[in-house]
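Sharing a structure, written as structure tokens. Questions coming.
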């Protein structure tokens, strides 16, 4: 029977032979690997670099690229907007813009204490955007120039990391090239059944359904809901990998509740 296992277990004690091991990752694992302040950056690094070192094939769903770029976009905008508050910034900004960014910085500073990422939401980014002029005036930077300065290389970041890890993409529907990776055809109806069973989000359900329908041995996630949804299936021989802290705090005892 499949289990949820810790990162340490995955790296040192996996019951599956190395030549039979493979890894599916969700967006949060890849983002944590790239974003050093992430609370699970160390776990992501251990999992992904350990997988590469061991020669494991690493897979991700096609939605991971879109979700990763979205997180990167927000991260870059957040970091560069905050840098405008520094006396060393190269940009000239208005008093109104400085005050607007400072207001949101107060909110950002509160997020780590809530175990949330200090990244501006789209709603907050829109509020700041409205304080910029589109093209700039009186020597002050406009929003469009700001975006071009910092977001023009966004896709190259994805390309660099995906090539480094040798990511293989899996579609929402199996293709002829992917046929050998699956035990059964992918069905949307089965993803929806996962939602109704444990309340998974639609994105999580699609990833979990992809995993359960495949021959991939391990799924790495930092999402408790994904681990919970996997445990509710109870009828497979695959493994879900979570950080040691999530395993010890949330999964270790819970796992026995599904042994019926």
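The values are calculated or read from the model by the stated rules, or taken from the named source; none is laboratory data. Bear in mind the structure is a predicted one, so any value in this text is a computation, not a measurement. Ideal geometry is used to build each Cβ from the backbone, glycine not excepted, and the neighbour counts take in all protein chains shown.
Quick one: in segment 100-148, of everything that is loosely packed, with under 12 Cβ neighbours inside 10 Å, part of a loop (DSSP other than H, G, I, E, B) and at negative phi, which residue is farthest from the chain's Cα centre (by Cα)?
137
Scan segment 34-45 residue by residue and report those that are in contact (Cβ under 8 Å) with a residue 40 or more places away in the chain and within 14 Å of residue 117 (Cβ to Cβ).
34, 35, 37, 38, 39, 40, 44
Determine if segment 38-49 includes at least one residue that is modelled with pLDDT of 90 or more and under 13 Å from residue 167 (Cα atoms).
Scanning segment 38-49, I find at least one residue that is modelled with pLDDT of 90 or more and under 13 Å from residue 167 (Cα atoms), so the answer is yes.
Among the residues of segment 185-238, which ones are out of contact with any strand residue (DSSP E or B) (no Cβ under 8 Å at 6 or more places or on another chain) and under 19 Å from residue 20 (Cβ atoms)?
Selection gives 212, 236, 237.
Next question. Could you check how many residues of segment 109-130 are within 23 Å of residue 245 (Cβ to Cβ) and touching a helix residue (DSSP H, G or I) at 6+ places or on another chain (Cβ under 7 Å)?
2
Among the numbered criteria (1) buried (at least 18 other Cβ atoms within 10 Å of the Cβ); (2) closer than 18 Å to residue 204 by Cβ; (3) modelled with pLDDT under 90, which single criterion is violated by residue 21?
Of everything listed in (1) buried (at least 18 other Cβ atoms within 10 Å of the Cβ); (2) closer than 18 Å to residue 204 by Cβ; (3) modelled with pLDDT under 90, residue 21 misses just condition (2).
For segment 206-226, give me each residue that is surrounded by 17 or more Cβ atoms within 10 Å (Cβ to Cβ) and either assigned by TED's automatic domain parsing to the domain that holds residue 117 or more than 15 Å from the chain's Cα centre (by Cα) (or both).
Answer for segment 206-226, where residues must be surrounded by 17 or more Cβ atoms within 10 Å (Cβ to Cβ) and either assigned by TED's automatic domain parsing to the domain that holds residue 117 or more than 15 Å from the chain's Cα centre (by Cα) (or both): 209, 210, 211, 212, 213, 214, 216, 217, 218.
Moving to a separate point now. Restricting attention to segment 150-183, and to residues there that are out of contact with any strand residue (DSSP E or B) (no Cβ under 9 Å at 6 or more places or on another chain), within 30 Å of residue 233 (Cα to Cα) and not in a helix (DSSP H, G or I), which single residue is modelled with the lowest pLDDT?
Restricting to residues being out of contact with any strand residue (DSSP E or B) (no Cβ under 9 Å at 6 or more places or on another chain), within 30 Å of residue 233 (Cα to Cα) and not in a helix (DSSP H, G or I), the top hit is 176.
Turning to a different aspect of this structure: Working only within segment 214-245, note down all residues that are within 18 Å of residue 58 (Cβ to Cβ) and assigned to a loop (DSSP other than H, G, I, E, B).
First pass over segment 214-245, keeping only residues within 18 Å of residue 58 (Cβ to Cβ): 214-223, 226, 238-243.
215, 216, 217, 221, 222, 223, 238, 243, listed by residue number.
Report every pair of residues separated by at least 6 positions or lying on different chains whose Cβ atoms are under 6 Å apart, first residue within segment 52-66 and within 14 Å of residue 206 (Cβ to Cβ), second part of a strand (DSSP E or B).
59/24; 59/168; 59/170; 60/25; 61/170; 62/169
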